[in-house]
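Enquirer: Structure in structure tokens, see below.
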Amino acid sequence: MLQNFLICVNAVIPTAIYLCIGVLLRAFKILGDRSVKKFTHVIFVALYPFMMFDNLYDKNIGENMDLKLVLYAIGFTLFQLVSSWIFVCKTEPDNYHRGAMIQALYRSNYVLMGLPIATNLLGKGNVAPIAVVLLFIVPIYNAAAVVIFERFRGGKVKPKQMALQIIKNPIIEGGLATLVVMALGIRLPEVIHGTVTTLSDCTSPIALILLGAGLNFGAFKSDTRRVAICTTGKLIAFPALGIAGAVLLGFTDAELIAITLMTAAPVALASYAMASSMGGNGRLAGELVVLTTVLACFTIPVWLFILKTASLF
């Protein structure tokens, strides 16, 4: 049992270290809000496509395209969205807070924390199912966030503009590029493939360091009730439901890890920018990013330990 626990903790330790490095860089004023925002955008645009490409390239997409897994991931994400919307609207009267709360409950930092932890746990060559799920979940996260905030600020959703934003997402671009290359039977020269792999390998560490530097503990002015609701739902309630459903459907190994990290990852960093720019409570969104990111370093190993002890991966 102790060995199982150490395996799960060790999968998260590198992520925690990168976050701590970022926190220290902020504390020593080497990185500030403006530089973190700028460099995060650079990483997102310049490196995320390579990370996605590398995780899918040279894999049999057909074999890794587990339709049952994809449908469950999509279905549970929509369940999170709808149930969060209903619950928040019944318990929170102010539209200003509603958008940030709903987004915090359904939108996870699956890319930044889920994929690196899966890689540490399963090995780089075994995370294609996780990357495939990302291709379908990221567009839902983005589209739903736009709809939510437009709805609560009284605006109108523009489908064409939203679809264009989704297609231009670097993660989606990287996935689509892989599909095109594989469909055409193109084989990359070893020097090109090696360069892509190197760029992919450095993406997560840099992105996590920037995430740590972006955690502004000094601006934390907790709204206890709203923070407690969102934190409990994001890190405990929804992971419990999502993992239980996945186990009942017979998912194990990489597929079960994909669902576990999709549901148990902390609130997405992008939720702060979305809430701030679209008339929602950006302060609350930022607090939830900070708190859930810190707590997830403890809750994710617990979820993994439960699964490992049950011999589910």
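The values are calculated or read from the model by the stated rules, or taken from the named source; none is laboratory data. The shown structure was predicted, so the numbers you read here are calculated from the model rather than taken from an experiment. Cβ: placed from backbone, ideal geometry, glycine included. Neighbour counts: every protein chain shown.
Enquirer: I'd like to check which helices (runs of 4 or more DSSP H) are fully inside segment 205-280 and have at least 1 residues that are touching a residue at least 60 places away in the same chain (Cβ under 8 Å) and in contact with a strand residue (DSSP E or B) (Cβ under 7 Å, 6 or more places away or on another chain).
Expert: On the way: elements: 224-232, 238-248, 253-264, 270-277.
Ranges flagged: 253-264.
Enquirer: Just wondering, is there one or more residues in segment 162-171 that are in a helix (DSSP H, G or I), of a type outside the set (Val, Ile, Thr) and farther than 19 Å from VAL138 by Cβ?
Expert: no
Enquirer: Also: Under the condition of being crowded, with 20+ Cβ neighbours inside 10 Å and of a type in the set (A, V, I, L, M, F, W, C), which residue from segment 27-42 is nearest to VAL290 (Cα to Cα)? Can you show your working first?
Expert: Restricting attention to segment 27-42, the residues satisfying the condition of being crowded, with 20+ Cβ neighbours inside 10 Å are 31, 36, 40.
If we keep only those that are of a type in the set (A, V, I, L, M, F, W, C) as well, we get 31, 36.
On the way: LEU31: 17, VAL36: 15 Å.
Among residues in segment 27-42 that are crowded, with 20+ Cβ neighbours inside 10 Å and of a type in the set (A, V, I, L, M, F, W, C), the one nearest to VAL290 (Cα to Cα) is VAL36.
Enquirer: Can you say whether PRO49 is within 23 Å of ALA183 (Cα to Cα) and either in a helix (DSSP H, G or I) or not hydroxyl-bearing (Ser, Thr, Tyr) (or both), as far as the supplied structure shows? Steps first, answer last, please.
Expert: Values: within 23 Å of ALA183 (Cα to Cα): yes; either in a helix (DSSP H, G or I) or not hydroxyl-bearing (Ser, Thr, Tyr) (or both): yes.
Taking the combined requirement at face value, the residue satisfies it.
Enquirer: On to the next question. The conditions are (1) surrounded by fewer than 21 Cβ atoms within 10 Å (Cβ to Cβ); (2) in contact (Cβ under 8 Å) with a residue 12 or more places away in the chain, and GLY174 fails exactly one of them. Which is it?
Expert: Every listed condition holds for GLY174 apart from (1).
Enquirer: Being surrounded by 13 or more Cβ atoms within 10 Å (Cβ to Cβ), touching a residue at least 40 places away in the same chain (Cβ under 8 Å), touching an Asp or Glu at 6+ places or on another chain (Cβ under 9 Å) and of a type in the set (A, V, I, L, M) is the requirement here; does MET52 meet it? Steps first, answer last, please.
Expert: Numbers: surrounded by 13 or more Cβ atoms within 10 Å (Cβ to Cβ): yes; touching a residue at least 40 places away in the same chain (Cβ under 8 Å): yes; touching an Asp or Glu at 6+ places or on another chain (Cβ under 9 Å): yes; of a type in the set (A, V, I, L, M): yes.
Answer is yes for this residue.
Enquirer: Quick check: anything in segment 206-228 at pLDDT below 95, of a type in the set (A, V, I, L, M, F, W, C), surrounded by fewer than 18 Cβ atoms within 10 Å (Cβ to Cβ) and closer than 23 Å to ALA131 by Cα?
Expert: Our first condition is that a residue be at pLDDT below 95; within segment 206-228, this holds for 206-228.
Those still in the list that are of a type in the set (A, V, I, L, M, F, W, C) too: 206-211, 213, 215, 217, 219-220, 227-228.
Then drop every residue that is not surrounded by fewer than 18 Cβ atoms within 10 Å (Cβ to Cβ), which leaves 206, 217, 219-220, 228.
Okay, now just the ones that are also closer than 23 Å to ALA131 by Cα, so 206.
Checked segment 206-228: at least one residue is at pLDDT below 95, of a type in the set (A, V, I, L, M, F, W, C), surrounded by fewer than 18 Cβ atoms within 10 Å (Cβ to Cβ) and closer than 23 Å to ALA131 by Cα.
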